[in-house]
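Q: My questions will all concern the structure given below.
Coordinate-derived values only; no laboratory data. The model shown is predicted, which means the values in this text are computed figures rather than measured ones. Every residue, glycine among them, receives a Cβ derived from its backbone with ideal geometry; neighbour counts consider all protein chains shown.
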Amino acid sequence: MTAITQNAKVKIAYFNEIGFHYNLVADQIYKKRRNIGNPSAKLFQPYIIAGLIAFDMGRMMGADPYSLNSSGFASRLSAKLALIEPLLGTLSHESILSVDLLKQEDNIKKAYEILSAGGQGSLHQDSTKSFHVGATKILHFLNPELFIIVDSNAARAFRDSGQIPFLNSTQPGYTPDLYIQCLKQTFSDINQYGANDFQALEFGTPITRIYDKLTFITGAALKKGEMA
């Protein structure tokens, strides 16, 4: 058991206490995702945008994020999703427990790179900046059974528990390669815990969402210098 899965029940209960607003929005996204089947559908994109706003990305997205004008966030997101759709393919219906990460590594890394890249068409309102954390959140909303969210709290948890070489700074040095390492640790941690027992921590919640709650609380505790 790693530091991330240690005291899992307590951590999840605490997250649910302080993160009600995250859960409220996430549950609606997951419900729509299950009903719609195809995450690339246009009518699912407003849910992704709502999720990004609720999950603290709004300041990076610019004004009127639902705007479909040529420079609006919704338009930029739609273009990015069209680019990654061929890469994700059957990954849209895989789980962290079933996916062949070795086989799919290049596709996942390319999708991550497209979503996170700065420059023309960047999802960040400042095109000189990247959208790394947002990229992992988009991937998660597209398939919450496979993709995890990696923000500063998660990076801190992965660095402490798995020696994944994120930097100990406000900019942890996110990369596609490190994201793959995080997915591999997620798979290892869940299997070490016992897949059925892990899912039983919160029935009805996507399995990587359960794991995200653990990385969030573990990383937040480490930041405060508390026991994780």
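Q: Whole number please: convex hull volume per residue, Cα atoms of region 8-223, in Å³.
A: 115 Å³
Q: Sort 179, 211, 47 so the one with the fewest other Cβ atoms within 10 Å of its own Cβ comes first. Show your work: numbers first, answer last.
A: Working: 179 23, 211 26, 47 19.
If I rank by nearby Cβ atoms, fewest first, I get 47, 179, 211.
Q: Then there is this: Rounded to the nearest 0.05, what FRET efficiency do residue 169 and residue 35 give with R0 = 35 Å and r taken as the Cβ-Cβ distance? Could you check?
A: 0.30
Q: Which of the lysines could a cross-linker span from residue 224 if the Cα-Cα distance has to be under 30 Å and same-chain partners fewer than 8 positions apart are dropped?
A: Cross-link targets: 9, 11, 129, 137, 184, 213.
Q: May I ask you to order 30-40, 153-163 by the average number of other C-beta atoms within 10 Å around their residues, highest value first?
A: Put in order of decreasing packing, that is 153-163, 30-40.
Q: Shifting gears a bit: Neighbouring Cβ atoms within 10 Å as the yardstick, rank 92, 70 fewest first.
A: Taking fewest neighbouring Cβ atoms as first place, the list is 70, 92.
Q: Could you work out how far apart the two model spin labels at residue 127 and residue 192 are, taking each label as a point 7 Å from the Cα in the direction of the beta carbon, and quote it in nm?
A: For residue 127 paired with residue 192, the spin-label model returns 4.4 nm.
Q: Straight-line reach from residue 32: which aspartates and glutamates have a Cα under 20 Å away, not including same-chain ones fewer than 8 places off?
A: The qualifying aspartates and glutamates are 85, 94, 145, 202, 212.
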